[in-house]
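The structure appears below as structure tokens.
The values are calculated or read from the model by the stated rules, or taken from the named source; none is laboratory data. Everything numeric here is computed off the predicted structure, so don't read it as measured data. All Cβ positions, glycine included, derive from the backbone under ideal geometry; neighbour counts span all protein chains shown.
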Amino acid sequence: MTRPGVRVTRPGGEWRNWARTERVRPQRVEFPATAEAVQRAVRAAADRGLRVKAVGAGHSFTGIAAAPGVLLDLTDLSGLVAIDRERARVTLRAGTRLHRIPALLAPYGLAMPNLGDIDRQSISGAISTGTHGTGARFGGLATQVVGVTLVTGDGELLRVDEQENAELLPAAALGLGALGVLVEVTLQCVPAFLLHATERPEPLDSVLADLPARVEASDHFEFYWLPHTDVALTKTDERLPESARRHPLAAPGRWVEETLLSNVVFGALCGMGRAVPAVVPAISRLGARTIGDREYTDRSARVLTQRRGVRFREMEYALPADRVCPAFEAVRALIDEHGWRISFPVEVRFAAADSLWMSTAHDRRTGYIAVHRYWREDPAEYFAAVETVMLAHGGRPHWGKMHTLDAAALRERYPRFDDFVAVRDRLDPTRIFGNAYLERVLG
């Protein structure tokens, strides 16, 4: 029998994540539209001895959302719940996709303080995996969380915020899907703002030499390096009040740069590089000369995010900010030494320290180095070598991106690891929300 507020897909379908690194055939798929429907689903699964995992957009590269038992697709659990105008806070249903949030906030003159460079994820998935953007004075998306409502392992609703169960907020705001199923998320917003973006190719060595100063001087700074070149594609964003004058990219030019070149043409070139690896350096040098020389001012969400149409696999490590340059240089040397032909850029971003227990930026100013490979290429050798470098420099892996660490290794890198596990023991003692990935990283 179908329970009220739930669409059900019978067994037989296969779930795959966006990157095609994970696939699973759940015993049951449900689409809860209310918190009560999530509660009923969790209780029913417990009665049958099945595990439950909630899934948003499937944009994690790891198996963090893989659900061989009951898969709860949160697509229908979406939209605005409440606005607190006085405190500039918004409560959203957990399945709300990031790209829909700006339109929900616009009537109230609000915006999220920062975003990652992709906005296809659900808000619950983004905060639960530690999604982040860039900017030395801004934390990851989970640092915007001031409250959550979740369904615990016994099927009960638990509110966590400054007034209720406040001691759990540093764990629940970035909970890895291990503490319960999020049904509502309350975010601290800011007045809507514009960003003035400057994107340009620059000599890589100059960027590295000035990197700490650039990061400190900018609201948001990042760069991409195309392997086999000496060029960094830099992006510097400065925050402006919403009343400032917009100078958005012209629609035709934006389409050419972000759809035609960055997705259609780039995808074709990645396919060509896979078939004939020897052409990759020439393709990279051509890309360094043709992409990333523009200046514009637009609404924050339109500047911070971009569309990614070419599938890839990704590994990203968080490092102490002062270790970014030596770690980056070591990665550059690796590629040269091994003669790998890498068609995807290496991405470097930054974030402020925070106090969330399982945040990659916990208690330290952080820089991120991300490496990618086209999805039809085997990333194993490249990623393994890069991971060794990152670990040597004090790295912590992004929870939603590929890595090999287990609980023993991660416990050494997170001072509050055991405190988080204790909260998990309290909220999900039977591990109904567990799966193979969580068993590996949490024990």
Pairs under 6 Å by beta carbon, first residue farther than 19 Å from Pro397 by Cα in segment 61-77, partner at pLDDT 95 or above and of a type in the set (Asp, Glu), six or more apart or different chains?
Leu72/Glu30
Select from segment 322-352 the residues that are in contact (Cβ under 8 Å) with a residue 40 or more places away in the chain and in a loop (DSSP other than H, G, I, E, B) and write down the one among them that is surrounded by the fewest Cβ atoms within 10 Å (Cβ to Cβ).
Trp340
Of the numbered conditions (1) under 17 Å from Val55 (Cβ atoms); (2) modelled with pLDDT under 95; (3) buried (at least 17 other Cβ atoms within 10 Å of the Cβ), Val8 fails exactly one; give the number of that condition.
(3)
Positions within segment 248-279 being closer than 27 Å to Pro203 by Cα and at pLDDT 80 or above, in sequence order:
Pro248, Leu249
The strands (runs of 3 or more DSSP E) lying wholly within segment 143-231 that contain at least 2 residues that are hydrophobic (A, V, I, L, M, F, W, C) and either buried (at least 21 other Cβ atoms within 10 Å of the Cβ) or assigned by TED's automatic domain parsing to the domain that holds Arg51 (or both) are 145-151, 181-188, 193-203, 220-225
Report whether or not Glu387 is under 20 Å from the mean Cα position of the chain (by Cα), farther than 30 Å from Gly49 by Cβ, part of a helix (DSSP H, G or I) and not assigned by TED's automatic domain parsing to the domain that holds Gly140.
yes
For a quick check of your reading: which helices (runs of 4 or more DSSP H) sit entirely within segment 392-443 and have at least 1 residues that are farther than 21 Å from Ala321 by Cα and in contact (Cβ under 8 Å) with a residue 60 or more places away in the chain?
417-427, 436-442
Any idea which of Gly309, Gly287, Gly292 is in a loop (DSSP other than H, G, I, E, B) and buried (at least 16 other Cβ atoms within 10 Å of the Cβ)?
Gly292
Ser122 passes all but one of the listed conditions (1) touching a residue at least 12 places away in the same chain (Cβ under 8 Å); (2) surrounded by fewer than 22 Cβ atoms within 10 Å (Cβ to Cβ); the exception is number (2)
